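**Q** Have a look at the structure that comes next, please.
The values are calculated or read from the model by the stated rules, or taken from the named source; none is laboratory data. Note that this is a predicted model, so its numbers are computed, not measured. Cβ coordinates were reconstructed from backbone atoms using ideal geometry, including for glycine residues, and neighbour counts include every protein chain displayed. Accessible surface is based on the protein model in full, side chains and every heavy atom, while ligands, DNA and RNA are left aside. Shrake-Rupley method; radii C 1.70, N 1.55, O 1.52, S 1.80 Å.
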Amino acid sequence: MISMNFGRRWSQALTVTAGLAAAALVLAGCASSGVIDRQASLAESPKPATVAEVDPAARREHERILAAYNGAYEDPRIEAMVSQTVEKLVAASERPDLHYRVTLLNSPVVNAFALPSGQLYVTRGLIALSNDSSELASVMSHEMAHVIAHHAEMREDRVRQVALVSRMVNGVLSDPEVGALALAKSKIALASFSRAQEFEADGIGVGIAARAGFDAYGASRFLTSLGRDSELRQSGQTNIDPRAPDFLSSHPATPERVKNAQASARQFGAPGTAARDRNAYLAAVDGMVYGDDPSEGLVRGRHFLHPRLGFTFVAPEGFALDNTAQAILGVKEGGGQALRLDVVRVPTEQSLTDYLSSGWIENVDGKSIESTTIGGFPAATAGAKGDQWSFRLFAVRFGSDVYRFIFATKHMTPEIDRSFRESVATFRRMSIAESKAARPLRLRVVTVGSGDTVEQLANRMAVADRKLERFRILNGLEAGDHLNPGDLVKIVVE
């Protein structure tokens, strides 16, 4: 499958069957003395005896992670906060001799994870979702626990075992049903092993954070916000393919983890008896980029703009867009329709009609292939049909690249096909003024005034939909919670 990053404009050849294309349209770690990796280079990391030697494979993995998460994010205030937090956690941990290097990732995805070498990663999306230093500490101590308990090495071993079983199934077993069963069992074992790891890391992490002076209940608060955020992100996508993996498919269900974290925290006292440092935390995140970075493209409701590459388009009515490192993905509310936009290099001498029939996607209806123009650029379109999905395909030659639109629906009708055509017709070059005006959204910390309500503050959020729900999740507020004058809250602004 293609691996493409719009900001870095690299791609490689792709072969996708029509049966697999639907899965490719679906949106699919944890989160879940400290050193911030500002240069994002493992070659410069310390290599004490207690940390695995940095080798070319580790460097390649680090670069792969950077590519997948839009590189490193630099913000001196956040870097200082994370560094100080990790330093306190290391001193209070079971292994104060271990060294860690933290990389802040420039991604809105909520995630954090660790490599066996002690390299820790945390996204700005996770920083934005957290509401105080104890919540951040719960995440970092959880990831440190994976290193301390050797979970990262064990997980890599399990991955290699699954790969071995997969090769055996494909190359040795003659009965496909028996082979599929063996492969399924190996994957279930991997998922169960991950659940055990996560519960253990939660328990170890809560202990580390509490001994470092942080509120032990930060883990249960953050996990609650994580669960609500995950539900919000998945709410419009559940009908695309129920078999598609999501964050929780290889981790404990969030209610289970919250209950486990609360039980661990009770061993260290009652809620509210240790430091949360909420005001200092919010001061550090004030002004941070929220959501997409302009260098990687911006989602504004149904609109997608890429100032760096200079193009824009509008998805069909009712679609929600997600900007990933591999493609722009879109899902219609209620399911049943989806889209994918990615980019490839196609030889200039190859016509786009020939490209559509070249085999990169199977079951193309040859009679449906036609040349056209989109936004003044050469283009071609065709239809294709899989077992459960019907597709409308477009290839648009924009500069030296070819942009591929894949629209999918479970029930193709003339009206749906027309909506796909109308959407791709909005693909055009951005003007210089539009490119300059395309700015990222940012977090702003504001003080609740007398008479301010949750609803009023939520209406100030520069988000396309579900403002109230997003405001509550962003600030860790439940439906019945109220605000008091003088409270500090996060909002999203242009």
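**Q** Does at least one position in the stretch 281-291 carry a residue that is touching a Gly at 6+ places or on another chain (Cβ under 7 Å) and modelled with pLDDT of 90 or more? Walk me through how you get there before you give the answer.
**A** As a first pass, look at the stretch 281-291 and keep what is touching a Gly at 6+ places or on another chain (Cβ under 7 Å): none.
Scanning the stretch 281-291 turns up no residue that is touching a Gly at 6+ places or on another chain (Cβ under 7 Å) and modelled with pLDDT of 90 or more.
**Q** As an exercise: evaluate Val448 against (1) touching a Leu at 6+ places or on another chain (Cβ under 8 Å); (2) at pLDDT below 95 and give the number of the one condition it does not meet.
**A** Exception for Val448: condition (2).
**Q** Does the stretch 86-105 hold any residues that are open to solvent by less than 10 Å² (accessible area, probe 1.4 Å) and not hydrophobic (A, V, I, L, M, F, W, C), and which are they?
**A** Hits for the stretch 86-105 are Tyr100, Thr103.
**Q** Would you be able to tell me the number of residues in the stretch 264-285 that are open to solvent by less than 50 Å² (accessible area, probe 1.4 Å) and of a type in the set (Gly, Ala, Ser)?
**A** Residues flagged as open to solvent by less than 50 Å² (accessible area, probe 1.4 Å) and of a type in the set (Gly, Ala, Ser) within the stretch 264-285 amount to 6.
**Q** Could you list all residues from the stretch 420-454 that are of a type in the set (Asp, Glu) and more than 19 Å from Leu488 (Cα to Cα)? Spell out the reasoning first.
**A** In the first step, residues of the stretch 420-454 are kept if they are of a type in the set (Asp, Glu); the result is 422, 434, 452.
The answer is Glu422, Glu434.
**Q** Sticking with this one: Could you please find all residues in the stretch 121-133 being buried (at least 24 other Cβ atoms within 10 Å of the Cβ) and either over 16 Å from Asp277 (Cα atoms) or more than 23 Å from the chain's Cα centre (by Cα) (or both)?
**A** Hits for the stretch 121-133 are Tyr121, Val122, Thr123, Arg124, Leu126.
**Q** Then there's this: Within the stretch 422-441, restricting attention to residues that are touching an Asp or Glu at 6+ places or on another chain (Cβ under 8 Å) and surrounded by 14 or more Cβ atoms within 10 Å (Cβ to Cβ), which residue is farthest from Glu478 (Cα to Cα)? First the steps, then the outcome.
**A** Initial filter on the stretch 422-441 (touching an Asp or Glu at 6+ places or on another chain (Cβ under 8 Å)): 439-441.
Within this subset, residues satisfying the condition of being surrounded by 14 or more Cβ atoms within 10 Å (Cβ to Cβ) are 440-441.
Working: Pro440: 28, Leu441: 24 Å.
Within the stretch 422-441, the match that is farthest from Glu478 (Cα to Cα) is Pro440.
The rows are residues; the columns are (1) surrounded by 18 or more Cβ atoms within 10 Å (Cβ to Cβ); (2) within 19 Å of Asp229 (Cβ to Cβ); (3) of a type in the set (A, V, I, L, M); (4) under 25 Å from the mean Cα position of the chain (by Cα).
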| position | (1), (2), (3), (4) |
| --- | --- |
| Val446 | no, no, yes, no |
| Gly449 | no, no, no, no |
| Thr453 | no, no, no, no |
| Ala462 | no, yes, yes, yes |
| Val493 | no, no, yes, yes |
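**Q** Restricting attention to strands (runs of 3 or more DSSP E) lying wholly within the stretch 360-403, give those where 1 or more residues are more than 17 Å from Arg418 (Cα to Cα).
**A** Values: elements: 370-374, 377-385, 390-398.
Hits in the stretch 360-403: 377-385, 390-398.
**Q** Those residues that are charged (D, E, K, R) and either in a strand (DSSP E or B) or touching a Leu at 6+ places or on another chain (Cβ under 8 Å) (or both), I need them from the stretch 97-112; list them, please. Write out each step before concluding.
**A** Quick first cut of the stretch 97-112, residues charged (D, E, K, R) only: 97, 101.
Arg101, the sole residue that qualifies.
**Q** Pairs, please: C-beta under 7 Å, at least 6 apart or cross-chain, first residue farther than 18 Å from Ala137 by Cα and in the stretch 59-82, second of a type in the set (Phe, Trp, Tyr)?
**A** Hits for this filter: Ile65/Tyr121.
**Q** Quick test for you: out of Thr373, Thr353, pick the one residue that is among the polar types (S, T, N, Q) and open to solvent by 60 Å² or more (accessible area, probe 1.4 Å).
**A** Every option except Thr373 fails the conditions.
**Q** I'd like to verify a number: residues in the stretch 385-440 that are among the hydroxyl-bearing types (Ser, Thr, Tyr), touching a Ser or Thr at 6+ places or on another chain (Cβ under 9 Å) and modelled with pLDDT under 90, how many? So that I can check it myself, show each step before the final result.
**A** Looking only at the stretch 385-440, we keep the residues that are among the hydroxyl-bearing types (Ser, Thr, Tyr), and these are 390, 400, 403, 409, 413, 419, 423, 426, 431, 435.
From what's left, touching a Ser or Thr at 6+ places or on another chain (Cβ under 9 Å): 390, 400, 409, 426.
Pick out the ones that are also modelled with pLDDT under 90 and you get 400.
Selection size over the stretch 385-440: 1.
**Q** Tell me, please, whether a residue that is of a type in the set (Val, Ile, Thr), surrounded by fewer than 21 Cβ atoms within 10 Å (Cβ to Cβ) and more than 20 Å from Val331 (Cβ to Cβ) can be found in the stretch 393-407. Talk me through it step by step, then tell me what you get.
**A** From the stretch 393-407, those of a type in the set (Val, Ile, Thr) are 396, 402, 406; that's our starting set.
Then drop every residue that is not surrounded by fewer than 21 Cβ atoms within 10 Å (Cβ to Cβ), which leaves none.
No, the stretch 393-407 contains no residue that is of a type in the set (Val, Ile, Thr), surrounded by fewer than 21 Cβ atoms within 10 Å (Cβ to Cβ) and more than 20 Å from Val331 (Cβ to Cβ).
**Q** Spot the failing condition for Phe113; the list is (1) crowded, with 24+ Cβ neighbours inside 10 Å; (2) within 14 Å of the chain's Cα centre (by Cα); (3) within 25 Å of His150 (Cβ to Cβ), and only one is missed.
**A** Only one criterion is unmet by Phe113, namely (1).
**Q** If you go through the stretch 359-370 one residue at a time, how many are modelled with pLDDT of 90 or more and either under 34 Å from the mean Cα position of the chain (by Cα) or open to solvent by less than 60 Å² (accessible area, probe 1.4 Å) (or both)? Reasoning before the result, please.
**A** Start the filter on the stretch 359-370 by keeping residues that are modelled with pLDDT of 90 or more, which leaves 364-370.
Those left that are additionally either under 34 Å from the mean Cα position of the chain (by Cα) or open to solvent by less than 60 Å² (accessible area, probe 1.4 Å) (or both): 364, 366, 368-369.
Qualifying residue count for the region: 4.
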